[in-house]
Amino acid sequence: MSDNNQEKLRTGVVTIIGRPSSGKSTFLNTACQEDVSIVSPIPQTTRNAIKGFVNTSLGQLVFIDTPGYHNSEKKLNQRLRNVTESQLDGIDAALYIIDITREPGEEEELTARLLEKNQDKTVVAFNKTDLLPRKDLLLKYYDFIQKNLPDISKERIFEMSAKNDNGINEVLKALYEIVPEGSPMYDDELYTDQDLSFRVKEVIRGEAINRLKDEIPHAVYVEVADVEHRNEGKKLWIRAFLCVERESQKGIVIGKGASMIKEIRTASVKKLNQIYMQKIDLDLQVKVDKNWRQRDVTLNRLIPQ
């Protein structure tokens, strides 16, 4: 590639904003063509700022997936709001993803307010067009953007289905037009910067929450205790713990005859073997960290401020 072409490449950091379950993680995974972030129908699945890289002939977009933004007095949810708000400082662009199958309301207004100072850098994506129950909802959201973010032009508002990979290329092109010219920040063979321990924890947590019901998915976190390279580096031995808040939850996660924890372990190993070249040997256990969502010492470890 010539220096002249290199100068024309565009590179920038793009923060993804949206209500819980709006499709932010689905968009990131589809755009990166890899499983970068946990996808689940359960709200508040994303707990950290997750990076995913999109590399094309136009340049590199460094996406940051953020926790779904909503109002709550719970300590964990307040921490998640802080994560989202902090990712809007110094960005090159923002992608505001809206689930158009739900009525706009106070929660959407709260989310839109985050972007008031970054309207010139924002692209809006109306997501889940494949599931639209009524056409008037789409019109409501065009009116919503005009009212709450009037400086965003119609040329930067798109309709898409992240799940079906419809409309994503148009969204990416619009973001490339916003970010500055520059060389890629990361090697173009990478699609995330997650280290081994974080990736393992997210894979296990994703497999767990998509199998558990009611409040338990929100009460789960994963702790990686040991990682060893064995067989001359051909095998990764990992000891991890699925942590819950109460003894009653521990029994549910283990399951009858240890059926649930075995299923979670098997699915996690299968996914990790798709990510890493080494063969994965996972020792997965369950333990109780009583009321961890109300304890700063645990929250500081899981979601650093």
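Report, in deg cm²/dmol and to the nearest 500, the calculated mean residue ellipticity at 222 nm for the chain, where each DSSP H run with n ≥ 4 adds -39500 (n - 2.57) and the sum is divided by the residue count. If you can, show how the numbers build up before the last one.
Values: 10 runs with 106 residues, N = 305.
It lands at -10500 deg cm²/dmol.
Modelled this way, with points 7 Å down the Cα-to-C-beta line, the labels at E181 and Q294 are 5.7 nm from one another. Of interest is the spacing of the C-alpha centroids, which for the range 239-305 and the range 10-51 amounts to 21 Å.
From the convex hull of the Cα coordinates of the chain, what is the mean projected area in square nanometres? Before the final figure, lay out each step's value.
Working: hull surface 69.9 nm².
Over all viewing directions, the chain projects a mean Cα-hull area of 17.5 nm².
Binning the alpha carbon pair distances of the range 1-160 at 5 angstrom intervals from zero yields the distribution 2, 9, 18, 21, 21, 15, 8, 3, 2, 1, 0, expressed in whole percent. Shape summary of the range 55-125, radius of gyration then Dmax from alpha carbon positions: 13.5, 44 Å. Summing charges over all other residues whose Cβ lies under 15 Å from the Cβ of D188, with Lys and Arg as +1 and Asp and Glu as -1, gives -2.
Taking every C-alpha pair closer than 8 Å and separated by at least 6 residues, the mean separation divided by the residue count of the range 1-154 gives a relative contact order of 24 percent. Working ranking of peptides 138-144, 47-53 by packing, defined as the average number of other Cβ atoms within 10 Å per residue, highest first, is 47-53, 138-144. Taking the alpha carbon gyration tensor of the range 210-299, multiplying each eigenvalue by 5 and rooting it gives semi-axes of 26, 16, 11 Å, largest first.
Given a 1.4 angstrom probe, what's the average accessible area per residue across the chain, in square angstrom?
Computed with neighbouring chains in place, this is 50 Å² per residue.
Net charge of the neighbourhood of E202, taken over other residues with C-beta under 14 Å away and scored Lys/Arg +1, Asp/Glu -1, is -1. Both radii come from the Cα set of the range 125-237: Rg as radius of gyration, Rh as Kirkwood radius; their ratio Rg/Rh reads 1.11.
Compare the peptides 280-291, 10-21, 196-207, 221-232 by average per-residue count of other Cβ atoms within 10 angstrom and give them in order, highest first.
On the way: 280-291: 15.3, 10-21: 22.4, 196-207: 20.6, 221-232: 13.5.
In decreasing order of mean packing, 280-291, 10-21, 196-207, 221-232 become 10-21, 196-207, 280-291, 221-232.
Count charges around E247 for me, please; just the other residues with Cβ under 12 Å from its Cβ, Lys/Arg as +1, Asp/Glu as -1. Walk me through the intermediate numbers first.
Numbers: positive: R246, K250, K287, K290; negative: E245, D289.
So the environment of E247 carries a net charge of +2.
The values are calculated or read from the model by the stated rules, or taken from the named source; none is laboratory data. On a predicted model such as this, the values are computed, not experimentally measured, just so you know. Counting neighbours? That spans all protein chains shown, and the Cβs are built from the backbone with ideal geometry, glycine included. To get the accessible areas, we keep the full protein, side chains included, count just its heavy atoms, and leave off ligands, DNA and RNA. Shrake-Rupley method; radii C 1.70, N 1.55, O 1.52, S 1.80 Å.
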